[in-house]
1. Could you pull out every one of the strands (runs of 3 or more DSSP E) wholly within the stretch A:51-101 that has 2 or more residues that are free of Cβ contacts under 8 Å to residues at least 40 places away in the same chain and within 14 Å of chain B (Cβ to nearest Cβ)?
2. Out of A:115, A:9, report the one residue that is exposed (fewer than 10 other Cβ atoms within 10 Å of the Cβ) and away from chain B (no Cβ under 14 Å).
3. Please find, within the stretch B:31-55, the residue that is farthest from the other protein chains (Cβ to nearest Cβ) out of those that are without any contact (Cβ under 8 Å) to a residue 12 or more places away in the chain, over 13 Å from the mean Cα position of the chain (by Cα) and in a helix (DSSP H, G or I).
4. Anything in the stretch B:170-192 that is in contact (Cβ under 8 Å) with a residue 24 or more places away in the chain and either in a helix (DSSP H, G or I) or more than 8 Å from every other protein chain (Cβ to nearest Cβ) (or both)? List them, or say none.
5. Somewhere in the stretch B:133-152, is a residue assigned to a helix (DSSP H, G or I), closer than 18 Å to residue B:73 by Cα and within 14 Å of chain A (Cβ to nearest Cβ)?
6. Consider residue B:58 carefully, then state whether it is buried (at least 16 other Cβ atoms within 10 Å of the Cβ), at pLDDT 95 or above and assigned to a helix (DSSP H, G or I).
7. Identify, please: which residue in the stretch B:153-169 is away from every other protein chain (no Cβ under 12 Å) and out of contact with any helix residue (DSSP H, G or I) (no Cβ under 8 Å at 6 or more places or on another chain) and is, among those, surrounded by the most Cβ atoms within 10 Å (Cβ to Cβ)?
8. Which residues, taken from the stretch A:102-112, are assigned to a loop (DSSP other than H, G, I, E, B), exposed (fewer than 15 other Cβ atoms within 10 Å of the Cβ) and more than 14 Å from chain B (Cβ to nearest Cβ)?
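The values are calculated or read from the model by the stated rules, or taken from the named source; none is laboratory data. Note that this is a predicted model, so its numbers are computed, not measured. Cβ placement follows ideal geometry from the backbone for every residue including glycine, while neighbour counts extend to all protein chains displayed.
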């Protein structure tokens, strides 16, 4: 029994196999719960659909106007139609620009020329945040980033908007 | 009668030694407020545990009415606040206790810190205590969302954005907590409920057991 090949004792062998089998069983037990818990992280979001916002390109001029529309939102088993809004205008090249009204400072809602003291600016009433017409924040006011721009598509002269895309700070 | 019941059980399974191990131990003079009143600082750990027990009990009863669903969460809280006898008191215990437990925990931590009670050989128990502190903060954070009112919703939005600032894994961490990449909604509420009521309490019980067993093994640190 004492030859050199006999390096694993019966006790060790049983210890290893039982630990191994037990480990496999424990792992098998844990796979599904863990996968279930992290599912939201691995799911790719299905957002990015463009929605008809109910305005034709002809109705858009060079003065920003506020438009409101609803999107279909699926939150797990709960479907709802939350509203979205944007400020849309045509820039000097005639291209449509759609800006998110959500202030990049603390999330209040900005409006075009919302203050008499600041013509030709987007104004946030919460902390006097200012943005120029192209949505770029005015330095020295609270916001540190420009207003997000909506992804857009024009189909048959009708404006379709997607997700607001955040921009780097000015 | 009670003695008879006790004897009957003890005769069969010999519970006296178990009981003795748990409850029968000496309280050193320097931690006994009856000897030195200033020893009341040693009470904060026990008070933390006492309030924790209140939190567990009141929370158990709150789940008899609470529904973790975005349509009904607020309504169920409103119902128990306004219609159910004494439920306002139970929810009040849970609400205020949540703050008191953090205060007690901080006082306990300060005592251990300024007495140097965390020093060798008690470093491990300090670490366990810090983990308990994190679990308590997690319980506060997840519990705050459950009433599903405006304050709860936007506080959670802020909290999730803070989680999103963690380097490298922030985004994944935020989605893991929120249950959805963009929405703070139905799946966030069920997740926070599960974490608040099952996951974190389970972690807390384990850590508390280790905390107490270590105290018993190592004894309370000596007088200053």
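1. On the way: elements: A:51-56, A:65-70, A:73-75, A:78-80, A:83-90, A:96-99.
Once the strands (runs of 3 or more DSSP E) in the stretch A:51-101 are filtered for at least 2 residues that are free of Cβ contacts under 8 Å to residues at least 40 places away in the same chain and within 14 Å of chain B (Cβ to nearest Cβ), what remains is A:73-75, A:78-80.
2. Numbers: A:115 fails: exposed (fewer than 10 other Cβ atoms within 10 Å of the Cβ).
Among A:115, A:9, only A:9 is exposed (fewer than 10 other Cβ atoms within 10 Å of the Cβ) and away from chain B (no Cβ under 14 Å).
3. B:37
4. Step one: of the stretch B:170-192, the residues in contact (Cβ under 8 Å) with a residue 24 or more places away in the chain are B:184-186, B:188-190, B:192.
The answer is B:184, B:186, B:188, B:189, B:190, B:192.
5. Taking every residue of the stretch B:133-152 in turn, at least one turns out to be assigned to a helix (DSSP H, G or I), closer than 18 Å to residue B:73 by Cα and within 14 Å of chain A (Cβ to nearest Cβ).
6. On the way: buried (at least 16 other Cβ atoms within 10 Å of the Cβ): yes; at pLDDT 95 or above: yes; assigned to a helix (DSSP H, G or I): yes.
Spelling it out, residue B:58 is indeed buried (at least 16 other Cβ atoms within 10 Å of the Cβ), at pLDDT 95 or above and assigned to a helix (DSSP H, G or I).
7. Looking only at the stretch B:153-169, we keep the residues that are away from every other protein chain (no Cβ under 12 Å), and these are B:153, B:155-156, B:159-160, B:162-168.
Adding the requirement that they be out of contact with any helix residue (DSSP H, G or I) (no Cβ under 8 Å at 6 or more places or on another chain) leaves B:162, B:165, B:167-168.
Working: B:162: 12, B:165: 10, B:167: 5, B:168: 7.
The selected residue is B:162.
8. none
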